[in-house]
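Reading through the structure tokens given below for one structure.
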Amino acid sequence: VKAITGEKGNFTLALTNGQTVQAEYIVLGIGTQGNPNKMRCEGGDLAHIQYQLDDPGEYVDEHITVIGSGDAGIENALGLAADPEQNNTVTILNRSPEFARAKQANVDLLMEAGRSGRVNIMCETTPLKVTPGWLYLETRDGEQKIKCDRIIARMGTAPPRKFVESCGIKFSSDSPDAYPQLSPEFETTTPGIYVIGALAGYPLIKHCMNQGYDVVEFI
């Protein structure tokens, strides 16, 4: 879907293949993963930076840095360090002193991996510059340089605001992290268009499923 026009009871969805779909109501469950927060430091556009990890077993004998203090970053770091035969050197960066946004169970596993030497945990650390094979860091002890063949940046995501606003939907504020304005029934400011899941601020799949059920029942 590249554009939505019309009004409640008579929407037209324009598709990228040139076709159109008519709808009386629309439920947007498009999430936010397609719009990750990008690295903004020098070299942040280099090819060895990626924003998701599909298969940790794909990488062998690499120095890999994971950036992000949430569950996604921790789980990626643990996955990359899980098999000693892969021989990866895994580092995780956290700009804060603690992993406050992650589940305690994940934090406990990460701390154990740190104690055993499987993961190098660097808190109060942010990337300064990316170059092929190296990552320059700003740490609490000053600037540091580490070997880095690959960066997995899990720094959160943002709503695909341009597309959502093009549908006539208003957001709660101008903040990049703001969510669309929704009624108690998850209806947007464009009558007939509803939003569920991560785009509504509820990223857990079970919450999205429950919201979808409630919205369909309401319609």
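The values are calculated or read from the model by the stated rules, or taken from the named source; none is laboratory data. Everything quoted here is computed from the prediction, not taken from an experiment. So basically every Cβ, Gly included, is an ideal-geometry build from the backbone, and we count neighbours across all protein chains shown. We work out accessible area using only protein heavy atoms, side chains counted, and drop any ligands, DNA or RNA first. Shrake-Rupley method; radii C 1.70, N 1.55, O 1.52, S 1.80 Å.
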* To do: May I ask you to list the residues of segment 72-88 whose amide nitrogen lies under 11 Å from a point 7 Å from Cα along the Cα→beta-carbon direction of ALA47?
  => none
* **Under 5 Å, built H, 5+ apart or other chain: amide partners of ILE67** => LEU93, ILE152, ALA153, ARG154
* For segment 50-92, what percent of Cα pairs sit more than 13 Å apart? -> 45
* Structure fact -> For segment 185-193, in residue order, the Karplus 3J(HN,Hα) values (coefficients 6.51, -1.76, 1.60; θ = phi - 60°; whole Hz; Gly and Pro = x) are 9, 6, 7, 7, 6, 9, x, x, 10
* In nanometres, what is the gap between the two model label sites at LYS206 and ARG161, each 7 Å from Cα along Cα-to-Cβ? -> 3.2
* For the chain, compute the number of Lys pairs whose alpha carbons are separated by less than 15 Å, excluding pairs fewer than 8 positions apart on the same chain. => 5
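If you put +1 on each Lys and Arg Cβ and -1 on each Asp and Glu Cβ, how big is the dipole of segment 67-129 around its Cα centre, in Debye rounded to 20?
Computed about the Cα centre, the dipole is about 240 debye.
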* Whole-number D in µm²/s for segment 134-219 (Stokes-Einstein; Kirkwood sum over Cα pairs; 10 °C, 1.306 mPa s) -> 102
* Asked: Per residue, what volume in Å³ does the convex hull of the Cα atoms of segment 1-134 enclose?
  -> 167
* Mind ranking SER173, SER166, SER69 by accessible surface for me, highest first, 1.4 Å probe? => SER166, SER173, SER69
* Value at 222 nm in deg cm²/dmol, rounded to 500, when DSSP H runs of n ≥ 4 in the chain each add -39,500 (n - 2.57) -> -5500 deg cm²/dmol
* To do: Could you tell me whether segment 87-139 comes out rounded, prolate or oblate from its Cα gyration tensor? Rule is a ≥ b ≥ c as square roots of the eigenvalues, rounded for a/c under 1.5, then prolate if a/b exceeds b/c, otherwise oblate.
  => oblate
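What is the dipole size for the chain, taken about its Cα centre, with +1 at each Lys and Arg Cβ and -1 at each Asp and Glu Cβ, in debye to the nearest 20?
440
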* Asked: Exactly which GluC sites (Glu not before Pro) in segment 1-72 are in a DSSP loop and have at most 14 other Cβ atoms within 10 Å?
  -> GLU24
* In segment 151-219, which GluC sites (Glu not before Pro) fall in coil by DSSP and have 13 or fewer other Cβ atoms within 10 Å? -> GLU185
* Asked: What trypsin sites (Lys or Arg not before Pro) in segment 80-137 are in a loop by DSSP, with at most 13 other Cβ atoms within 10 Å of the Cβ?
  -> LYS103
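What's the FRET efficiency of VAL60 with ASN37 using the Cβ-Cβ distance as r and R₀ = 35 Å, to the nearest 0.05?
In this case the efficiency is close to 0.80.
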* To do: Using amide H atoms built 1.01 Å from N in the peptide plane, name the residues 5+ places from THR157, or on other chains, whose amide H lies under 5 Å from its own.
  => ASN37
* Mind checking the dipole of segment 22-80: about its Cα centre, +1 per Lys or Arg Cβ, -1 per Asp or Glu Cβ, Debye to the nearest 20? -> 300
* To do: Take every DSSP beta bridge whose two residues both sit in the chain, then give the antiparallel share in percent to the nearest 5.
  => 55
